[in-house]
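Take a look at the structure below.
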Amino acid sequence: MLRKKRNKTTDTHTHPHAGNRLWSDAKCPICRQKSQEVVDLKDRLTEREKSQDKMLLLLSLEVDREYLKRTREVEMKKVKAAIGTAMYNHAEALEKEIKRKTEKKNLPLGNMFENRDPGPDRVLQAKELRAGLHDQITIKRTRRLRDKHAKDIEDRELNERLLKEFKTAEVQNHFDKLRRRQQQQEALTEQMALEQMARKREAILEPMTENSFARSETLMFLYQKEKAKQLYQEQLAILKQRREYETRVADMEKNHSLERLALSRKELQKDIQTMKQSNFNTRKNLENTWGVQKVQREQAQAALGY
């Protein structure tokens, strides 16, 4: 940028790309544009959005913190109030119990209830009864679990024994089949050797007149045919026997499972009925005991003149 000498009255200057025009120092738009800072509106908006999101997040965290604090204070107040109420009730109960035990009632002379045995504490008796019922339920549940475990072990052993017997029967059948096949092969080999020796003797004694390419209908062929049929029928019988055995084992397992399910259902119904009857009897006994206590207390109060 080329500047001229500043006069006392006017200060002007020129710009190379603006020709020879004179620009005032105070009103030059080019200098004013160069002197201004470059502002990226997109980055500024992004920064503003980030700051707003941060402020909203901090505000929400603060609101949540205040809510949790108030909730905790309310819970603590409830707990303190409950503890105070419980302590007050306990103190009042102890005070009443101490008063009941320490105070001496002025009983009239010849009162028949003066030397009467107060009897067992009903609260402790009820607690003992509840503990005994709980022990009985626990023992019965433990016995049921032990019986179920023993039944499962017995069923598993039975299944393993059946599978072992089935495998043993299969192996025995396989060995029997191999032995029969070996015996049949030895018999066939021996028969073929005898037949060949007979044919050689016949060939030596008589000239061969039969067609060697014709189908043989001799006893050897018929014997082989019968043996093949017999082997096929034996294999079919073994396969049928094995399928019948598998079907029988599956039916036995199914019937056993159904019997176990029916027995479990009966035991469950019996236990439910027993529990209902026990609860009913316990409730009736407690109601009778409470009724007797109420009558005795009313009688004692009437006798004492309360």
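Does the range 254-296 hold any residues that are closer than 17 Å to K148 by Cα and either surrounded by 11 or more Cβ atoms within 10 Å (Cβ to Cβ) or touching a helix residue (DSSP H, G or I) at 6+ places or on another chain (Cβ under 6 Å) (or both), and which are they?
H256, S257, R260, L263, S264, E267, L268, D271
Residues in the range 214-223: is at least one at pLDDT below 80, small (G, A, S) and either in contact with a Phe, Trp or Tyr (Cβ under 7 Å, 6 or more places away or on another chain) or surrounded by 10 or more Cβ atoms within 10 Å (Cβ to Cβ) (or both)? It would help to see each step written out before you state the result.
To start, the set of residues in the range 214-223 that are at pLDDT below 80 comprises 214-223.
Subset that is small (G, A, S): 214, 216.
Right, trim to either in contact with a Phe, Trp or Tyr (Cβ under 7 Å, 6 or more places away or on another chain) or surrounded by 10 or more Cβ atoms within 10 Å (Cβ to Cβ) (or both) and you get 216.
Checking the range 214-223: at least one residue is at pLDDT below 80, small (G, A, S) and either in contact with a Phe, Trp or Tyr (Cβ under 7 Å, 6 or more places away or on another chain) or surrounded by 10 or more Cβ atoms within 10 Å (Cβ to Cβ) (or both).
Can you find even one residue in the range 229-251 that is hydroxyl-bearing (S, T, Y), assigned to a helix (DSSP H, G or I), modelled with pLDDT of 80 or more and open to solvent by less than 90 Å² (accessible area, probe 1.4 Å)?
yes
Any idea which residue in the range 159-179 is farthest from the chain's Cα centre (by Cα), counting only those that are over 13 Å from I238 (Cα atoms) and open to solvent by 60 Å² or more (accessible area, probe 1.4 Å)?
Among residues in the range 159-179 that are over 13 Å from I238 (Cα atoms) and open to solvent by 60 Å² or more (accessible area, probe 1.4 Å), the one farthest from the chain's Cα centre (by Cα) is R179.
Would it be correct to say that R116 is at pLDDT 80 or above and open to solvent by 100 Å² or more (accessible area, probe 1.4 Å)? Walk me through it before giving the result.
Details: at pLDDT 80 or above: no; open to solvent by 100 Å² or more (accessible area, probe 1.4 Å): yes.
Judged against the criteria, R116 is not a match.
Quick check on I139: is it open to solvent by 80 Å² or more (accessible area, probe 1.4 Å) and among the β-branched types (V, I, T)?
Yes: the conditions hold for I139.
The values are calculated or read from the model by the stated rules, or taken from the named source; none is laboratory data. Here the structure is a predicted model, which means the values were calculated and not measured. So basically every Cβ, Gly included, is an ideal-geometry build from the backbone, and we count neighbours across all protein chains shown. In case anyone asks, the SASA skips ligands and DNA or RNA and just uses the protein heavy atoms, side chains included. Shrake-Rupley method; radii C 1.70, N 1.55, O 1.52, S 1.80 Å.
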